[in-house]
Amino acid sequence: MLAWKPPYLALNMYPCSRLTGLCHLRHTRSPELLRRRTLSHMLLGLETSCDDTGVALISTKDGSIVHEQVASQTRLSVMLGGVLPTVAREFHRTAIDHLTSSTLANSGVGWKDIDGIAVTVKPGMPMSLKVGVTYAKQLAELYRIPLIPIHHMEAHALTAMLTYPSLTFPYLVLLLSGGHALLALARGLEDFTLLGTALDASPGEVLDKLARRLKLSRLGDFRLNSVSGGRAVELLAAEHKATSPLFEIPLPRSQSRDCDFSFSGIQLNFERLVSKLEDELVDVDSRSHSILPVDCLATVCASLQSALTRLVCRRVQRAFEFLRSNGSADFPWPTALVVSGGVAANSVIRAGLSEVAQHFGLPLLAPPARLCTDNGVMVAWNGLLLKRANRRVTWDISSVDFEPKAPFGIDCRALVRNAEIRIEAIKINS
């Protein structure tokens, strides 16, 4: 389908023939939309901010998803002990053209049918971002298509408006992922008020490190060998017996009256717990390669999920209390609690957040799991919303560049902190 190839593709570390051995490929298309494709044009979304390569086509007429594909490096990252920037870059270089070409071919559309290219430009890993932005700019110049630069976290925050068409601004949105923890009031398409953020490590980063510390990938359970640390923790926690008590772990910054998160404090407390358990249950001479008993690991994982859930729910509860006590036009009462991001796909965390939302008489809205992790659909959808509003659409290709670090909305965390709101934590039954 795509005869032209970007110059850098000649430098690929991993040829396309080896893609399926290194990653998980997922694609979805709508047969009904393919039959109606001549009735509307398409918008292409490209995502390469971290280690997943996402490509999607959506209809500019009604926003329906025509085709989507994701190449995930999770299996490779687990093997390597984390995401390596140089490896992620070469993987994106291989995957992006392959996915784009097959997406257009499977949709039966040509470049003349593409009305715009939305591409993630910030924030993210610089080497990864550069691949997607460079590729998008080359396509835009070659086929004379306008570009729409996308903020990665804004795209996550707006995905729920695709899956819940009745959702309206303002709404409270919680983004939990491998690289971020953000709590904000979404007041408009480009209007976000930041109420809380991670002060140190991200929740996904902590889960990955603790999964490696627990040696979960060495258990011999094939389910744990090719998933993220957070997913491995969730799978093992499901095996915890309800009759067995959880480990009591103190929450960091429990006396702080703000909406900021400290996940590294949880990591430190659990590393101490694991070391203590190893002293008690593992022979000293074999400690470097031995693993805790499975029932003990399940209890540790369930305790970790519980601690994360309590921490997140208390911060969200304080955000609701702040909005209710403020009552100004700058901080209107939200219509819903929206959660997104890979960590937010955890069923226990979602259940806890649902209880908090219900306490305040609001629904919890979460996109399906495949749209919570990084994907091209959210980028294309954000691009379509911007295109409809005639914002950020540019023909000036040279003006588009990537930004590894970028703020998210207007930072109002100090206002929350200065309000010194004391809360009585909602009892979470999850």
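List of remarks:
- Test: residue in segment 342-357 that is crowded, with 18+ Cβ neighbours inside 10 Å, modelled with pLDDT of 95 or more, outside any loop (DSSP other than H, G, I, E, B) and not assigned by TED's automatic domain parsing to the domain that holds CYS259: no
- Conditions (1) out of contact with any Cys (no Cβ under 9 Å at 6 or more places or on another chain); (2) surrounded by 17 or more Cβ atoms within 10 Å (Cβ to Cβ); (3) closer than 19 Å to GLU321 by Cα: number failed by GLY361: (2)
- Unmet requirement for GLU420, which otherwise passes all of (1) at positive phi; (2) surrounded by 14 or more Cβ atoms within 10 Å (Cβ to Cβ): (2)
- ALA380 meets each of the listed conditions (1) out of contact with any helix residue (DSSP H, G or I) (no Cβ under 8 Å at 6 or more places or on another chain); (2) of a type in the set (A, V, I, L, M); (3) outside the structural domain of ILE96 (by TED's automatic domain parsing); (4) crowded, with 16+ Cβ neighbours inside 10 Å apart from (3).
- Filtered by the rule that a residue be over 29 Å from LYS112 (Cβ atoms), without any contact (Cβ under 8 Å) to a residue 60 or more places away in the chain and among the hydroxyl-bearing types (Ser, Thr, Tyr), segment 125-171 gives a lone residue, SER166.
- Of all residues making up segment 197-240, the number that are at pLDDT 95 or above and among the hydroxyl-bearing types (Ser, Thr, Tyr): 1
Residues checked against (1) in contact (Cβ under 8 Å) with a residue 24 or more places away in the chain; (2) more than 25 Å from PHE322 (Cα to Cα); (3) in contact with an Asp or Glu (Cβ under 9 Å, 6 or more places away or on another chain):
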| residue | (1), (2), (3) |
| --- | --- |
| ALA211 | no, yes, no |
| GLY220 | no, yes, no |
| SER228 | yes, yes, yes |
| LYS241 | yes, yes, yes |
| LEU246 | yes, yes, no |
| CYS259 | yes, no, no |
| SER262 | yes, no, yes |
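- Residue list for segment 383-407, filter: of a type in the set (Gly, Ala, Ser), surrounded by 13 or more Cβ atoms within 10 Å (Cβ to Cβ) and under 20 Å from MET42 (Cβ atoms): GLY383
- Apart from one condition, LEU415 fits all of (1) over 17 Å from VAL312 (Cβ atoms); (2) loosely packed, with under 14 Cβ neighbours inside 10 Å; (3) in the same structural domain as PRO203 (by TED's automatic domain parsing); (4) not aromatic (Phe, Trp, Tyr); the exception is (2).
- Applying the condition of being among the aliphatic types (A, V, I, L, M) and surrounded by 24 or more Cβ atoms within 10 Å (Cβ to Cβ) to segment 61-76 and asking which residue is farthest from ASP51 (Cα to Cα) yields VAL66.
- Boolean, LEU311 is buried (at least 17 other Cβ atoms within 10 Å of the Cβ) and of a type outside the set (Gly, Ala, Ser): yes
- Residues in segment 77-93 that are surrounded by 21 or more Cβ atoms within 10 Å (Cβ to Cβ) and farther than 20 Å from THR373 by Cβ: ARG93 only.
- The set of residues from segment 127-184 being of a type in the set (Asp, Glu) and over 21 Å from the mean Cα position of the chain (by Cα) comprises just one member, GLU141.
- Helices (runs of 4 or more DSSP H) within segment 125-230 that include 3 or more residues small (Gly, Ala, Ser) and either surrounded by 20 or more Cβ atoms within 10 Å (Cβ to Cβ) or not assigned by TED's automatic domain parsing to the domain that holds HIS98 (or both): 126-143
- The set of residues in segment 298-332 being touching a helix residue (DSSP H, G or I) at 6+ places or on another chain (Cβ under 8 Å) and without any contact (Cβ under 8 Å) to a residue 40 or more places away in the chain is empty.
- Scanning segment 213-236 for residues that are of a type outside the set (Ser, Thr, Tyr) and under 20 Å from the mean Cα position of the chain (by Cα) gives LEU224, VAL227, GLY229, GLY230, ARG231, ALA232, VAL233, GLU234, LEU235.
- Search result, residues across segment 287-297 that are surrounded by fewer than 21 Cβ atoms within 10 Å (Cβ to Cβ), in a helix (DSSP H, G or I) and in contact (Cβ under 8 Å) with a residue 24 or more places away in the chain: VAL294, ASP295
The values are calculated or read from the model by the stated rules, or taken from the named source; none is laboratory data. Note that the coordinates shown come from a computational prediction; the quantities given were computed from them, not determined experimentally. We place every Cβ from the backbone using ideal geometry, glycine too, and count neighbours over all the protein chains shown.
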